[in-house]
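Notes follow once the structure below has been shown.
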Amino acid sequence: MKTPNIIAIDGPAASGKSTVGAILARDLGYLFFDTGVMYRAVTLAVINSDIPIKDEVKVTHLAETIRIDVNPPSLDDGRAYDVFLDGCDVTWDIRLPEVNYSVSPVSAYRGVRLAMTQQQRRIGMRGNVVMVGRDIGSVVCPEAELKIYLDASIEERARRRLIEVQGRGEEVDYKETLDSLIMRDRIDSTRTIAPLKITEDAVVINTDKLSIEEVVMKVKELIEDV
Ligand code: DC
């Protein structure tokens, strides 16, 4: 059995991609690369500047000039990796509600995607990597030997996201979480460039009734079949 060099996991927000991807990467001894953190870091940079989210030219310029680094975790505070924005640790700030709210419009900009995709592809092509995102199998690494599309109903995803956010001590309710996911699904799957979609060669796993361990097991079975 030859383990696929690049494993692509795509799917909508809160479908379990990051949790499954991180476990899989750890078990395989692969790099775990959650590409969403790059779009989140750009969005945080925009929020921290005086640039309006709607100003595509300035947002794109900012995306092209900031430095984003993703490194193994340096603190034992529940993080799966460190995210640095121009040298500052923003690992938790990129999960703030205002970032959640604006990340989909920012990641729909052509120039922003171009800048991020180039960096992601460079890392992916080194191999031995589990890459997680929306367009890994379709655009970033179409040559991935195994492509998984993780899905779950909107209600189940909202429930999971609520538990995750409340676990960090933030106050949100179910309706707010559900509405925010519906908005992000719409933007992520209808944008012109690299929309979230299921590629023909992807294996779809619906995780509604599966535990994390069961999803990881299913992916491992698929790895054996490649
Ligand atoms: O997976 P996430 O929720 O952290 O992703 C944040 C946003 O980034 C998501 O709304 C869409 C965007 N994204 C993307 O467009 N392409 C990727 N490969 C990863 C994320």
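When residues in the range 109-161 are screened for being among the acidic types (Asp, Glu) and within 13 Å of the ligand (Cβ to nearest atom), 1 of them pass. For the residues Val57, Val70, the requirement of being within 24 Å of Arg113 (Cα to Cα), of a type in the set (A, V, I, L, M, F, W, C) and within 16 Å of the ligand (Cβ to nearest atom) singles out Val70.
Note on the range 1-40: residues that are assigned to a strand (DSSP E or B) and within 9 Å of the ligand (Cβ to nearest atom) amount to 2.
Residues that are more than 15 Å from the chain's Cα centre (by Cα), free of Cβ contacts under 8 Å to residues at least 60 places away in the same chain, under 30 Å from Val219 (Cα atoms) and surrounded by fewer than 19 Cβ atoms within 10 Å (Cβ to Cβ) occur at least once in the range 26-42.
Just so you know, all these numbers are worked out from the coordinates, no wet-lab data involved. Quantities reported herein were computed from a predicted structural model and do not represent experimental measurements. We place every Cβ from the backbone using ideal geometry, glycine too, and count neighbours over all the protein chains shown.
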